[in-house]
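Undergrad: The structure under discussion is supplied below as structure tokens; questions concerning it will follow.
Just so it is clear, none of the values below were taken in a lab; they were calculated from the coordinates. A quick note: this is a predicted structure, and the numbers were derived from the prediction, not measured. Counting neighbours? That spans all protein chains shown, and the Cβs are built from the backbone with ideal geometry, glycine included.
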Amino acid sequence: MTGTIVEQATTLFDQDAAGARRGVRVELVDCVRYFGSVAALDHLSLAIEPGELVALLGPSGCGKTTALRALAGLEQLDGGMVRIRDVDVTRVPTHRRELGMVFQAYSLFPSMTAIDNVGFGLRLRKVRAAARRRRAGELLELVGLSAQAGRFPHELSGGQQQRVALARALAVEPRVLLLDEPLSALDAKVRAQLRDEIRRIQLEVGITTLFVTHDQEEALSIADRLGVMAHGRLEQIGTPDEVYARPGNAFVASFVGSVSSLPGTAVPGGMVEVLGRRIGLRPEQDVFLPGSAVHVLLRPESFAVRADPLGRGIVLRRSFLGPVMRLAVALPGEVEVEVSLEAARAGEIGAGSAVSVEPLGPPLFVTGRDDA
Amino acid sequence: MAALTIRRRAGASGAGPARRATAAGFRFGLPLRGAVLALSALYFLVPLLASGRFALEGARGTWTLSAVRALAHDGALWSSLLLSVEIALGAAAITLALLSPTSVWVNLRLPRLRRVLEGLTLVPLVVPVVVVVLGLYGAFPPAFVTSPALLALEYVVLAMPYSYRVIDGAVQSLDLHTLTDAGRTLGGGWVQTFFRVLLPQLRTSLMSAAFITIAYCLGEFAMASLLGFTTFPVQLFQIGTEQIDEATAVSVFALLLVFLLLATLSLLGGKRRVARGSIVAGGDGTAAEPPRPARAGRS
Amino acid sequence: MRRTGAASGQVPRRGALRLRRLAPFAGIVPFLAYLVLFLGVPSASVVAAAFEDPQGRLTWGNLHLALQGTYLLSFEKSLELSAWSAGISAVAGTILAVALASSTSSTLKRLATSASAVFANTGGLPLAFAFIASLGNFGVVTRVLAGLGWNPYDHGFDLYTLTGLVIVYCYFLVPLMVLVMLPAVESLRREWFEAASILGARRRDAWRHVGVPALAPQLLAATMVLFVDAFAAYATAEALTNGAIPLVPIQIGTLIQGNVLAGQQNVGDALGLAMILVVAASALAYARLQRRTARWQR
Ligand SMILES: Nc1ncnc2c1ncn2[C@@H]1O[C@H](COP(=O)(O)OP(=O)(O)O)[C@@H](O)[C@H]1O
Ligand SMILES: [Mg+2]
């Protein structure tokens, strides 16, 4: 099954003889865009390497869509530059940028069938009808919708519509693929499935891709690199595990994945004291004078949890996440932490149970605390 | 849309002069839009203004109210107006009595026939009025054809394409089943439920429907004139053949009056719709979209 | 939803069953009866009378007469008038609807909608008078233009001609078009336009391949309504031209008012029948086109 699709893909999209990816390098350079007094893009710079999939993650309203639309030329910039394959395209109109884009929803042309939608870009490029239909048919096959070729958009489910939109974007062999929350209008199951499929196709085609989402799980699972945005700025960019394990600042630490923030104190020897225990810091975290008050951010898995009648923690809630159990635990001093433990060992622990909670180092992130 | 409307560029700090905003979809940019709107305004306003000037024009370009004054004392005009108002009120009453129960019934008991009925109410649009008049002479006894009641009865039909749409639209937006169930658990029969529960909910729309019917009747000329009734427009026509400035004066005032009333109605209606939050658009304009593109009326 | 069978569970007799099924239809009988009596019966009577001579015998004579001489000419004029008015108004109305949809002021839009509703429905006499007052021989605009040294009446313009009628008819047909097209234009999604441009479409390509096809069903429907409206209009033409231009509705009006030659009493009915046929033909043409353009709609 996969074999045939890969074969198709190699014939569908011409690649160098060496088999190198055909993707191109794309850059946003120091981009600025204001809406009224809101800076949707605040000196944003972002480079996407050929064939790479970069996911832009951030809270709603942080400027992700604006960044993507600026790349497409759908949004004018107040400052900065867009470069595709090292050529400044800032003033090139959208229709000449040779991009592909998938919107959140409702972007299929209502008066055209699925196959005509997919063939639209080719029609504009004056590809003859027969060749057009052939290629559009191949792309529909790539997204698994050959049987629906003759349907109109309103006769397709949301997931199917997004597949057609993807096929349509890819049909013109765009230089860059842009996806703006393509999955957020779909229900959970279809979402996960289509996400994996987008990634599969992207890898097969080798196209440089910018994927915008506010769903961190989606971003973490699909991206080669993950950019985290806030207030029109790029807070951090790196591989998903880098960003997850080594957040560059407190915002990234708390936005990607779950964290608990605990009050602590820096102590000599490159350690902090938190919940009465000392844990070691990574060298780059060891920047606090001994005795200074800090916030220590810890992942749920950075705790050792035991049922303990004498423990000082009280379980507030528990939620079952398959292999692990997630617990919300109240600790003295109005501190609430999220911890996880293997589901198998969580047997007798429930809401109201007393537990002991110990931090395991090193922490995810440490910041200074002025309020102490 | 709302998102687009507030798109404005801040004084681009050091980025040179603000560039033109990307044209947003199937819309016209400012120059084209301005030109089209200005031309349209010219086409639609000039005749109105000209009528006003014409009506108030005295000898050698002076202004005078003589045409208006002459009209105020024109007994025939007033009695024709009275006749028109009587006919209009009659037609409005029949319209409400006939169409509102029909619409409720269809939506409640025969939802599959809704489109068929809607289609039927549009038929009067395609039968020329002159043809109907011909048929009235042929089909009904002369005594009936010479009674103003017939005019009222016919106006119900002629205004139906407009009035039924208003009523049916409102009825469709009600949660009929819940309402009728509620009404009947409270012990009312069909009739009581209709009057006590449904009608109050429909009040505004019924008023609009009545108003549309009345406006239609007050302006209708062809049928009234061909059936030989001296209604307001017919009298106006008569004046027009002798005193065009007087006729113009009256027609301008009539038009303005209708316009003001309709504008008020629609502004009121529009406000309410806005308040219910139809213009909640996210930053990227996709947040609060209706699930499907709204379709225009199929008139 | 269908409720059959009595509460006792007995199988009801067939008559009773049928009665139950039909009961809901009782509710629309008054409406149907009203429509039949005040629209159906008169129309049918016209059709029947078209085939009768004054003595009540069957004949083709009326139709024969109706398709000759002035009557035939009036059909030509009427069709010409309605085709031009509908065509021009459809284009202008759609453009105006797009301009309104592009406007950022919701007050302007609401005002324009209300104004359109008024202009579209109260055409008739005030309209004729307004144009006489502005573009008639002694109209305000005519005099202003003459004052500027360009009297339109010296350059071939005449309000009381077919061209004049087209100008006047557009005054109520354009607003009608706007009423229908504004919601349609507003439902054109920005995403469609943007998706098209990203795929390489220039502005005009996007309109041609995406925008216009999406509007086509409403556009067609509205144009048909415009055509029929113009074809059937009586008041404006009567007030403006006093019968100087032979148009079918005016001819019928004249016949109704008793200007009938002996033996031709029913020629009006034949004209009426022919009008109905024209309307029916345009409805048919519309239905065929609609099947093509609206295939993609639910
Ligand atoms: N067309 C617009 N008009 C006004 N403000 C806008 C517009 N588009 C975006 N914004 C504002 O710019 C900011 C960034 O928006 P956006 O890029 O859509 O965010 P995201 O996609 O990350 O949710 C938000 O504050 C939003 O309100
Ligand atoms: Mg967004």
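Undergrad: Rounded to two decimal places and with Rh computed the Kirkwood way over Cα pairs, what is Rg over Rh for segment A:169-252?
TA: Working: Rg = 13.5 Å, Rh = 13.8 Å.
Rg divided by Rh gives 0.98.
Undergrad: How much net charge surrounds residue B:67 when only the other residues with a Cβ under 11 Å from the Cβ of residue B:67 are counted, with Lys and Arg +1 and Asp and Glu -1?
TA: Every neighbour counted, the sum reads -3.
Undergrad: Let's test the formula: R0 of 60 Å, r as the Cβ-Cβ distance of residue C:91 and residue A:310. What FRET efficiency results, to the nearest 0.05?
TA: E(calc), rounded to 0.05, equals 0.10.
Undergrad: Further question on the same structure: Tell me which of C:129, C:95, C:258 sits at the most positive position along the dipole axis of segment C:51-297, charges placed on C-beta atoms (Lys, Arg +1; Asp, Glu -1).
TA: It is C:95.
Undergrad: Consider just the alpha-carbon atoms of segment C:101-215 and return their Rg together with their Dmax, both in angstrom.
TA: Here Rg and the maximum Cα pair distance are 19.6, 56 Å.
Undergrad: Can you compute the modelled spin-label distance between residue B:70 and residue B:178, with each label point 7 Å from Cα toward Cβ, in nm?
TA: The answer from the label model is 6.1 nm.
Undergrad: Something else about it: How fast does chain C diffuse by Stokes-Einstein, in µm²/s, taking the Kirkwood radius from C-alpha pairs at 37 °C and 0.692 mPa s?
TA: In µm²/s, the coefficient is 142.
Undergrad: Could I ask something else about it? In percent, what relative contact order does chain A have, based on Cα pairs under 8 Å that are 6 or more apart in sequence?
TA: Once divided by the residue count of chain A, the mean separation gives 16 percent.
Undergrad: Same structure again: Can you give the net charge of the other residues whose Cβ lies under 15 Å from the Cβ of residue B:246, counting K and R as +1 and D and E as -1?
TA: -2
Undergrad: Want the number for residue C:280 to residue C:146: 0.36 nm per residue separation, take away the alpha-carbon distance, what's left?
TA: Length difference between fully extended and current span is 43.8 nm.
Undergrad: I want to check the label-to-label distance for residue A:188 and residue C:29. Put each point 7 Å from Cα in the C-beta direction and report it in nm to one decimal.
TA: 5.6
Undergrad: In the protein assembly as shown, what percentage of the DSSP-assigned beta bridges are antiparallel, given to the nearest 5?
TA: Values: 62 of 80 bridges.
Antiparallel: roughly 80 percent of the beta bridges in the protein assembly as shown.
Undergrad: Across all directions of projection, what mean area in square nanometres is found for the Cα convex hull of the protein assembly as shown?
TA: Details: hull surface 229.1 nm².
Mean orientational projected area (the protein assembly as shown, Cα hull): 57.3 nm².
Undergrad: What's the FRET efficiency of residue B:203 with residue B:42 using the Cβ-Cβ distance as r and R₀ = 41 Å, to the nearest 0.05?
TA: 0.55
Undergrad: Within the set of other residues whose C-beta is less than 13 Å from the C-beta of residue C:83, count the net charge using Lys and Arg as +1 and Asp and Glu as -1.
TA: Result for the local shell: -2.
Undergrad: Another question about this same structure. Counting residues in segment A:258-368 as N, plug N into 2.2 N^0.38 Å and put the Cα Rg over that result.
TA: Taking N as the residue count of segment A:258-368, the ratio is 1.08.
Undergrad: If you don't mind, another one. First measure r as the distance between the Cβ atoms of residue C:288 and residue A:157, then evaluate 1/(1 + (r/R0)^6) with R0 = 25 Å and state the FRET efficiency to the nearest 0.05.
TA: It comes to 0.20.
Undergrad: Further question on the same structure: When the convex hull of the Cα atoms of chain A is projected onto a plane and the area is averaged over all directions, what value comes out in nm²?
TA: Result: 23.2 nm².
Undergrad: Going by Cα centres, segment B:34-103 and segment C:75-138 are how many Å apart?
TA: 17
Undergrad: Put a dot 7 Å past each Cα toward the Cβ at residue C:212 and residue B:260; how far apart are the dots in nm?
TA: Placing both labels 7 Å beyond Cα along the Cβ direction yields 4.4 nm.
Undergrad: Now, a different point. Could you quote the convex hull projected area for segment B:75-242, Cα atoms only and averaged over all directions, in nm²? Before the final figure, lay out the partial values.
TA: On the way: hull surface 45.3 nm².
Averaged projected area of segment B:75-242's Cα convex hull equals 11.3 nm².
Undergrad: A follow-up question, please. For chain A, set up a Gaussian network in which alpha carbons nearer than 10 Å are linked by springs, and say which option among A:287, A:296, A:82 fluctuates the most.
TA: A:287
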